[in-house]
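Engineer: This is the structure I have questions about; it appears just below.
The values are calculated or read from the model by the stated rules, or taken from the named source; none is laboratory data. Just so it is clear, the model here is predicted, and its values are computed rather than measured. Because the Cβ atoms are built from the backbone with ideal geometry, glycine has one as well, and the counts that use them run over all protein chains shown. When the accessible area is computed, the model is the full protein with side chains, heavy atoms only, and any ligands, DNA or RNA have been set aside. Shrake-Rupley method; radii C 1.70, N 1.55, O 1.52, S 1.80 Å.
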Amino acid sequence: MTAVVSVFSASPDGGRGLARDMAVRWALIEAGVAHDLRTLSFAELKTQAHKARQPFGQIPTYEADGLTLFESGAIVLHIAETHGLLPQDYAARARAIVWMFAAVSTLEPVIVEREVAVLLECDRPWTPERLPLIAARLRARLADLADALGDRPWLEAGFSAADIMMVCALRRPAAVLLLPEFPAVAAYVARAEARPAFMQAFADQKARWQADQARRA
Ligand code: GTB
């Protein structure tokens with residue numbers, strides 16, 4: 001089986017592996033699944049053809065075996081369920097899925113909120129008062145994550161899809177800036193980034209971005 005993943009033709013992340021296809025690429029490489037890319041411009045994202053795959057006109061999408069999926073977390077869960085990126089044990093598997101949801105619905109929203117405040121609302125009069133509040137909320141989440149991790153290397157019974165989703169959220173710049181205050185979480189992210197599959201996925205997306213830059217030059 002060769003899966004097809006839709007990605008930006010020119011990712012605005014500058015090849016830093018921050019767009020949401022990164023989690024899908026990483027999961028596919030961890031799972032040993034070959035994949036091709038469907039590269040799309042911003043204009044192509046909004047066509048009816050792409051909206052048939054992704055109703056909101058976004059990347060990533062995933063196509064394989066006649067199935068088309070969107071939402072990076074759901075795609076990673078599907079790859080994990082079909083290719084062994086979740087614990088075998090029933091309870092551990094359920095807990096790993098809980099951590100996938102925690103990544104996208106408890107950690108990531110606070111990280112994105114900080115990004116929006118810093119990048120898009122920096123000139124608004126309320127931002128200087130709001131930023132410390134958001135930072136405090138994010139610090140609280142990171143402290144709780146550090147407590148939950150304890151001295152375990154991964155969230156649940158060995159590396160799993162839960163770690164892919166959590167680390168992709170934690171790699172966003174608004175979280176990275178605070179990680180030095182949370183050494184256990186920083187070490188967790190570094191451990192994940194040292195995995196060969198992560199490094200391959202990162203190199204792949206960077207090479208794609210560089211090729212696109214060269215084509216435009
Ligand atoms: N919940 C969806 C999922 O997880 O799949 C969210 C998908 C999503 O936000 N996709 C973004 C997109 O297609 C790209 S990843 N945006 C185009 C649009 O909405 O029109 C988000 C992203 C973009 C850029 C950076 N960056 O430059 O650092 C980081 C993350």
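Engineer: For labels at H83 and A211 in the simple 7 Å Cα→Cβ model, what's the distance in nm?
Structural biologist: 1.9
Engineer: Which percent, nearest 5, of DSSP beta bridges in the chain are antiparallel?
Structural biologist: About 45 percent, rounded to the nearest 5.
Engineer: Next question, about the same structure. Given points 7 Å out from each Cα along the Cα-Cβ axis, report the W126 to V4 separation in nanometres with one decimal.
Structural biologist: For W126 paired with V4, the spin-label model returns 4.4 nm.
Engineer: Provide the solvent-accessible area of H83, counting protein heavy atoms only and rolling a 1.4 Å probe, rounded to the nearest 10 Å².
Structural biologist: 70
Engineer: Leaving out ligands, DNA and RNA but keeping every protein chain, what accessible area does L37 have, in Å² rounded to the nearest 10, with a 1.4 Å probe?
Structural biologist: Roll a 1.4 Å probe over it and L37 shows about 70 Å².
Engineer: While we're here: Just the number, please: carbon plus sulfur as a percent of the accessible area of the chain, 1.4 Å probe, no ligands or DNA/RNA counted.
Structural biologist: With neighbouring chains kept in place, the figure for the chain is 58 percent.
Engineer: For the chain, report the accessible area per residue in Å² (1.4 Å probe, heavy atoms, rounded to an integer).
Structural biologist: Per residue, the chain has 49 Å² of solvent-accessible surface.
Engineer: Distance between Cα centroids, region 32-94 to region 170-207: provide it in whole Å.
Structural biologist: First find each Cα centre; the distance between them is then 21 Å.
Engineer: Let me ask you something else. Residue by residue, what Karplus-based ³J(HN,Hα) values in Hz, rounded to whole numbers, does region 29-45 have, using 6.51, -1.76 and 1.60 with θ = phi - 60° and x for Gly and Pro?
Structural biologist: 6, 4, 7, x, 9, 5, 8, 10, 10, 10, 8, 10, 7, 4, 5, 5, 4
Engineer: Here is a further query. Quickly estimate the mean residue ellipticity at 222 nm for the chain, helices only: each DSSP H run with n ≥ 4 gives -39500 (n - 2.57), and the total goes over all residues, rounded to 500.
Structural biologist: That calculation yields -17000 deg cm²/dmol at 222 nm.
Engineer: While we're on this one: Which ³J(HN,Hα) values in Hz, rounded to whole numbers, follow from the phi angles of region 17-25 under the Karplus curve 6.51 cos²θ - 1.76 cosθ + 1.60, where θ = phi - 60° and Gly and Pro get x?
Structural biologist: x, 9, 6, 6, 6, 4, 4, 5, 4
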